[in-house]
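Trainee: Could you have a look at this structure, given as structure tokens, before my questions?
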Amino acid sequence: MSEGSTLLSWVIWLPILAGLLVLATGSDRNAQFARLIALIGAGANFLMSIPLFTGFNRLTSDMQFVEKASWIETFNVSYHLGVDGISVLFIILTTFTTLLVVIAGWKVIEKKVAQYMAAFLIMSGLMIGVFSALDAVLFYVFWEAMLIPMFIAIGVWGGPNRVYAAVKFFLYTLLGSLLMLVAFIYLYHKSGGSFSILDYHSIQLDLDVQVLLFIAFFTAFAVKVPMFPVHTWLPDAHVEAPTGGSVVLAAIMLKLGAYGFLRFSLPILPDASHALSGFMITLSLIAVVYIGLVALAQSDMKKLIAYSSISHMGFVTLGFFLFSDLGMEGALVQMISHGFISAAMFLCVGVMYDRMHSREISDYGGVVNTMPKFAAFFMLFAMANSGLPGTSGFVGEFMVILAALKVNFWYGFLAATTLIFGAAYTLWMYKRVVFGPVANTHVEHLTDITKREILVLGLLAVAVLGMGLYPLPFTEVMHASVNNLLAHVAQSKL
Amino acid sequence: MTFPMPNLIPALPEIFVLVMVSLILIIDLFLSAKNRFITYALTQITLLGAAWITVSTHGAVPEYTFSNMFVDDAMSDVLKLMSYIAVSVVLVYSRTYISQRGMFRGEFFALALFALLGMMVMISANHFLVLYMGLELLSLSLYAMVALQRDSSVATEAAMKYFVLGALASGLLLYGMSMLYGATGSLNINQVATVIQHSTGNHVVLTFGLVFIVAGLAFKLGVVPFHMWIPDVYQGAPTAVTLFIGSAPKIAAFAFVMRLLVEGLQGLVQDWQGMLVIMAVLSMAIGNIVAIAQTNIKRMLAYSTISHMGFLLLGFLSGSLNGYSSSMFYVLVYVLMSVGGFGMVLLMSRQGFEAENLDDFKGLNQRKPWYAFMMLLFMFSMAGIPPTVGFYAKLSVLQAALQAGFLWLVVAAVLFSVIGAFYYLRIIKLMYFDAPLDDTPIRPEGDMAILMSTNGLAVLALGIMPQPLMALCAYAIQRSLL
């Protein structure tokens, strides 16, 4: 069913074309028109991506919806696309998030609407490209091209310190990516002239070479995840980015780094992954515990959520390097769930920021009195963020903690502290912002959320609860691919 | 005594350009200022005609003439064609600028064509003296072009600097050539190569000559430590001339290195490889780091040129066909980007105003979003970010260098290009994130607007489909060196 299908190409190029169309509407006089095209593009793209999920064969770990065409013969580069049980989930997450971003930015963005919408649509197509590329150069092109719209999005619609944040974001990621490019070129020569990622899975490599390549990939992916200690760009970028930018960053871009570990580091460099697993687990645990504590000390809501993201992503990398199916699937569930929850949290802050133009916790207090509906949604997402059973946040964390306990009691113990710290920083922030008496006249004049905002938050609430109560559809899709990946990791290449 | 008539066909494009430029000089004498556009039109026709002749005399095997002093091979045809295109685009971009500054005179066009002729001779040379002749024709025309704005003290100073240093470099080059002549007994590139291949020449003398040759080449390319003239000349020259210097002559410089080092001194590859490695690293380092401190965009692009030339060397020093075609691809891509970048500076300038400072680009996205987007493409391409063609240029030279085993060099190149990305990003920041300083409308002439858009979109289109140009370079190199 998947042979000869061009569905994947459509899912990648449709938003990019829609984005160009939106750009063509020009100045803000046609803003409403631009919004409409963006909405149609994002909506169509989401609907189009659903058959990828429903038509996906859950029994095989092979690549599906494969497309292959020669692209740059000189370097044997091909336009090679395909998805497995891991990437297909992220494609759906991307199209879903983009739709939310378009709706969320509907009224809020007033200047350069067309460019804003276009940036996010194009970014969406490029990110789907990253998830489905099976050729290293193609992967790299999508991976880097994605930086351009994000750079513009942060720099144009961001907060007061946006230029610093945008440049820092760009240079940080560029440095990592370029080392990855060197690794690709090395593998290209080593494999006798192939840029196919699947070919790399089967080439023999010495341990010292593997370690060097691992470091190159690590710089690229760890910066993106971001892992401690290269996480410092994230709080800056998040704080300054417009709400849509924060949502896309947290929900999808961070996942790209983690996805990179799965697609490159683990299967191509199994021996180095095993040799360095202690190092990776240590960094992950530092992220979970230390960054969790850092989050506790924040006074800026966006910064707090940014740190909370880093801490949650620590769970993901921890799950990967435990090398068990429980850990791996837990990490993947955590990635999807974090995509929903972090998007929701940033949107909640965005809702308040649009009304008050402040992200400081101390400027708020007693919001529940003026915005009861909003407070209910925010409550749900805050609970999910702290990993309450019944929400999606619980499933992934629980699976990873169980897997960690099997490997080493202390890994599991340290990971489990997040249940305390996570609850502490999220709920404490929630308490200070939402509960208590009305803090000032600004809060007193707040209006509750509109229908548009209810739609956005409602969709996310359904996703968070649905995944928390019935995660089977997600784990079922990834099962075969995860087992295949673990088989690759277990096989030495020495 | 009989004098055999040489086969003139391989040199037909050069002969045509020479005849036309002489004609243009004469016709121009009889034209009033009002009819000066005829000179301009004739110049463009000359380029078109030369292109037609080059294409129609193209042959699959190299053809030699004038006692093997001159060669017409696939590489020369491709490079010449690209030079015509570059010069033609440069003239379109410069037209408004030079007419607003009193330089729209016959001399400008005649000098441009003479410079082109010099480049063509360099590209087709198969003999040290022919190579030198072409180089001097090019250089002397360029010195004069820089000094064309007689009242400008900055331009005169730049011309003086260019001339003095250029003459020194030519001297070094000639000295090196004479050493090689002493060691091999020939000035013909093929014969020199044969003698070196059979290692009958004195190795010490050869290496000594090689050092001088490399120094001369490095000066013409503008790589560290022979780069001092580049920033001053780029900044001091009228922008139209800077645009010219930064475009087609780089193609000729590429051919110059190919003919001398690769075709002539391939036997000494072990010796020149090491020198190029040092120069490449230094160029990438100094070019990228110093560019950060610049506030003048012409000067910034000058330092950026230095770093690009360092990247160009990466292809050469890998010493393989793969590397040479990568370098060729790089130089063509570089010219495409550089013409666009300097072209934007011309586009922003107007009567009595030079858009020379970085701040002049502030808020361009609000003034003219389309041109801001074009400049964004040029800048990202220079920084080597996909999906622009600059990425593939970097990819191809990096893979060539890595294939030759220069891992540390590749890592260094990558690190310096991260540093380099900073100042390209700054231009984008100024255009997109800042508010405009002045709101004077930007209204380029129709042909310039179309060409600039084509130029920008070409950077993007070649970034999505780089194969044709890459294949062309590989074809040209393979046909010429095998």
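Trainee: Do any residues of the range A:181-196 show a loss of at least 40 square angstrom of accessible area between the isolated chain and the full protein assembly, using a 1.4 Å probe, and if so which?
Mentor: Hits at the 40 Å² cut-off: A:Leu181, A:Val182, A:Ile185, A:His189.
Trainee: Another question, then. What distance in nm separates the two pseudo spin-label positions at A:Leu455 and A:Gln32, each 7 Å out from Cα along the beta-carbon direction?
Mentor: For the pair A:Leu455/A:Gln32, the computed spacing is 1.5 nm.
Trainee: Let me ask you something else. Could you state how much accessible area is buried at the A-B interface, both sides summed, with a 1.4 Å probe, in Å² to the nearest 100?
Mentor: Its buried surface, counting both partners, is about 3200 Å².
Trainee: Modelled label-to-label distance, A:Tyr164 and A:Gln204, 7 Å Cα→beta-carbon offset: nm?
Mentor: Placing both labels 7 Å beyond Cα along the Cβ direction yields 5.3 nm.
Trainee: Here's something else I'd like to know. Using +1 on the beta carbon of Lys and Arg, -1 on that of Asp and Glu, and nothing else charged, what's the dipole of chain A about the Cα centre, debye to 20?
Mentor: 960
Trainee: Based on the alpha-carbon gyration tensor of the range B:13-133 and its eigenvalue square roots a ≥ b ≥ c, which shape applies: rounded if a/c is under 1.5, prolate if not and a/b is larger than b/c, or oblate?
Mentor: prolate
Trainee: Below 16 Å, Cα to Cα, which aspartates and glutamates can A:Lys493 reach? Residues fewer than 8 away in the same chain don't count.
Mentor: A:Asp199, A:Asp206, A:Asp208, A:Asp271
Trainee: Let me ask something else. Charges on Cβ only, +1 for Lys and Arg, -1 for Asp and Glu, centred on the Cα centroid of chain B; of B:Gly49, B:Phe219, B:Val389, which one is farthest towards the dipole's positive end?
Mentor: B:Val389
Trainee: Also, quick follow-up: Using the Cα centre of the range A:17-117 as origin and beta-carbon charges of +1 (Lys, Arg) and -1 (Asp, Glu), tell me which of A:Trp106, A:Ala24, A:Phe96 is placed farthest towards the positive end of the dipole.
Mentor: The residue sitting most towards the positive pole is A:Trp106.
Trainee: So, one more: Of the options B:Thr96, A:Tyr186, B:Ser124, report the single residue whose Cα projects farthest towards the positive end of the charge dipole of the protein assembly as shown (beta-carbon charges: Lys, Arg +1; Asp, Glu -1).
Mentor: Positive-end residue among those listed: B:Thr96.
Trainee: Can you give the net charge of the other residues whose Cβ lies under 13 Å from the Cβ of B:Val257, counting K and R as +1 and D and E as -1?
Mentor: +2
Trainee: Still on this structure, please answer the following. Would you kindly find the accessible area of A:Phe139, with a 1.4 Å probe and non-protein molecules such as ligands, DNA and RNA excluded, rounding to the nearest 10 Å²?
Mentor: Here the accessible area works out near 0 Å².
Trainee: In the range A:157-172, which residues become less accessible by 20 Å² or more once every protein chain is in place, relative to the chain on its own, using a 1.4 Å probe?
Mentor: A:Arg162, A:Val163, A:Val167, A:Phe170, A:Leu171
Trainee: Using a simple charge model, +1 on the beta-carbon of Lys and Arg, -1 on the beta-carbon of Asp and Glu, nothing else, what dipole does the protein assembly as shown show about its Cα centre, in debye to the nearest 20?
Mentor: 1380
Trainee: How large is the charge dipole for the range A:313-445, taken about the Cα centre, if only the Cβ atoms of Lys, Arg (+1) and Asp, Glu (-1) carry charge, to the nearest 20 debye?
Mentor: Dipole magnitude for the range A:313-445 comes out near 160 debye.
Trainee: Taking the alpha-carbon distance from A:Lys224 and a cut-off under 15 Å, which aspartates and glutamates remain once sequence neighbours fewer than 8 residues away in the same chain are dropped?
Mentor: A:Glu144, A:Asp236
Trainee: Where only protein heavy atoms count, and the probe is 1.4 Å, what is the accessible area per residue for the protein assembly as shown in Å²?
Mentor: 33
Trainee: Return the residues of the range A:28-77 for which accessible area with all protein chains present is lower than in the chain on its own by 20 Å² or more; set the probe to 1.4 Å and exclude ligands, DNA and RNA.
Mentor: A:Trp71, A:Ile72, A:Glu73, A:Thr74, A:Phe75
Trainee: A follow-up question, please. Decide, for the range B:97-136, between rounded, prolate and oblate: order the square roots of the alpha carbon gyration tensor eigenvalues as a ≥ b ≥ c, take rounded if a/c falls under 1.5, and otherwise choose prolate if a/b is larger than b/c, else oblate.
Mentor: prolate
Trainee: Once you place label points 7 Å from the Cα toward the Cβ at B:Glu445 and A:Ala69, how far apart are they in nm?
Mentor: Rounded to a tenth, the inter-label distance reads 4.0 nm.
Trainee: Continuing with this model, one more query. Which values, in whole Å and largest first, are the semi-axes of the equivalent ellipsoid of chain A obtained as the square root of 5 times each eigenvalue of the Cα gyration tensor?
Mentor: Largest first, chain A gives 34, 27, 20 Å.
Trainee: Longer than 31 Å from Cα to Cα, which of A:Lys107/A:Lys302; A:Lys68/B:Lys394; A:Lys303/B:Lys298; B:Lys80/B:Lys368; A:Lys107/B:Lys298; A:Lys107/A:Lys303 are they? Say none if no pair is.
Mentor: A:Lys303/B:Lys298; B:Lys80/B:Lys368; A:Lys107/B:Lys298
Trainee: To continue, here is another question. Return the carbon/sulfur percentage of the accessible area of the protein assembly as shown, one whole number, probe 1.4 Å, all protein chains in place.
Mentor: 68
Trainee: Between the range B:132-157 and the range A:180-254, what is the C-alpha centre distance in whole Å?
Mentor: Cα centroid to Cα centroid, the span is 49 Å.
The values are calculated or read from the model by the stated rules, or taken from the named source; none is laboratory data. Computed from a predicted model, the values in this text were never measured in an experiment. In this analysis, Cβ positions are derived from the backbone assuming ideal geometry, glycine residues included, and neighbour counts consider all displayed protein chains. Surface accessibility is based on the protein's heavy atoms, side chains included, excluding ligands, DNA and RNA. Shrake-Rupley method; radii C 1.70, N 1.55, O 1.52, S 1.80 Å.
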